[in-house]
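Everything below concerns the one structure shown next.
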Amino acid sequence: MIQFASCIFLTVQVFAFVEAIPLMGDRVVVAEPNEFPFVVSFREKSMSGLFQHFCTGSLITRKHVISAAECFEGKILSEIRVVVAGKNWASQGYLYDIYSWLTYNSWAQNNGIPLTYLVNDVIIVKLLSTISEKTTMPVSLSHLVDQQLYRTKALIVGWNVTSTLPASSILLKGEVTVLSPEQRNHQFKLVTNEKVTINNNYLATFAESYILINSGDVGGPLLDKKNHLIGITVGICPNRAWGNFSDEFLNNYKFNVHSSFNYYREFIRNVTWSTP
């Protein structure tokens, strides 16, 4: 079970525990074979010796994967593997060892860059060897700034993981809309009756009827209509309500939260260009 951030605010951070179940919503569909050849599965060695899925990631070069920093808190490097799917079935993928990983906060500290926000849920994982499979290729990176993405359509991609499966199997996708800051703050107030501003290093996405991520999807990509990377999935928001509502009712008003690729563009470029 993974703890992931439900909401990231200027003044408070709220966490929720979520079972490793699939991307949720009646409009979630199975991805086409090789539709997302850059999406990977992070696996951790269990007590039984099997490698079990715990988070998702995206190849940004043939040797670097971007994901959510929270996925690797307390993890041991030697016990983690990356599964690169041959098509959209991770069970047919290839297992790669990890050489190192670097969070945004560590990179900023190493380079004397002050942190605008204390929470920066982004990490770059470097593989021990270069990926050579022709069926796998890095994701294209967006050139758009966040303001150009507001109110546009996007795709969330995640693995079909359940609490009864030891590893992920089939990629799922769901179409969502990127919310403007005004829209996401309004959505939050509808559920909590509170006014809160979400930090500018995050994007929010929403769908009617709902499409919500779960813990196995954390670290996965948010893509624009051209399948360019615009965000890294980190959680759902909010996880509490002010009224006596059912979970099913609240799900129609909650939204997904993603670290903004555009905000971390310099970090990503610096790390991937400076390391062979």
Tell me which helices (runs of 4 or more DSSP H) are completely within the stretch 161-276 and hold 1 or more residues being at pLDDT below 85 and buried (at least 16 other Cβ atoms within 10 Å of the Cβ), or say none if there are none. 181-192, 247-251
Looking at (1) modelled with pLDDT under 90; (2) out of contact with any Cys (no Cβ under 8 Å at 6 or more places or on another chain); (3) surrounded by 21 or more Cβ atoms within 10 Å (Cβ to Cβ), can you tell me which one ARG27 breaks? (3)
For the stretch 39-64, name all the residues that are open to solvent by less than 40 Å² (accessible area, probe 1.4 Å) and closer than 19 Å to LEU172 by Cα. VAL39, VAL40, SER41, PHE42, ARG43, HIS53, PHE54, CYS55, THR56, GLY57, SER58, LEU59
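Please return the ranges of strands (runs of 3 or more DSSP E) entirely within the stretch 25-125 where 3 or more residues are closer than 22 Å to TYR202 by Cβ.
Details: elements: 39-45, 51-59, 64-67, 80-84, 94-103.
So the answer is 51-59, 64-67, 94-103.
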Within the stretch 80-100, the residues that are surrounded by fewer than 19 Cβ atoms within 10 Å (Cβ to Cβ), modelled with pLDDT of 60 or more and among the small types (Gly, Ala, Ser) are SER100
For the stretch 113-128, what are the residues that are open to solvent by 70 Å² or more (accessible area, probe 1.4 Å) and either in contact with a Gly (Cβ under 7 Å, 6 or more places away or on another chain) or under 21 Å from ILE60 (Cβ atoms) (or both)? LEU128
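Can you say whether GLU133 is open to solvent by less than 50 Å² (accessible area, probe 1.4 Å), in a loop (DSSP other than H, G, I, E, B) and among the acidic types (Asp, Glu), as far as the supplied structure shows? If you could, list the steps in order and put the result at the bottom.
Numbers: open to solvent by less than 50 Å² (accessible area, probe 1.4 Å): yes; in a loop (DSSP other than H, G, I, E, B): yes; among the acidic types (Asp, Glu): yes.
So GLU133 passes the test.
The values are calculated or read from the model by the stated rules, or taken from the named source; none is laboratory data. Treat the numbers as computed from the prediction; the structure is a model and nothing was measured. So basically every Cβ, Gly included, is an ideal-geometry build from the backbone, and we count neighbours across all protein chains shown. What goes into the accessible areas is simple: the full protein's heavy atoms, side chains included, and nothing from ligands, DNA or RNA. Shrake-Rupley method; radii C 1.70, N 1.55, O 1.52, S 1.80 Å.
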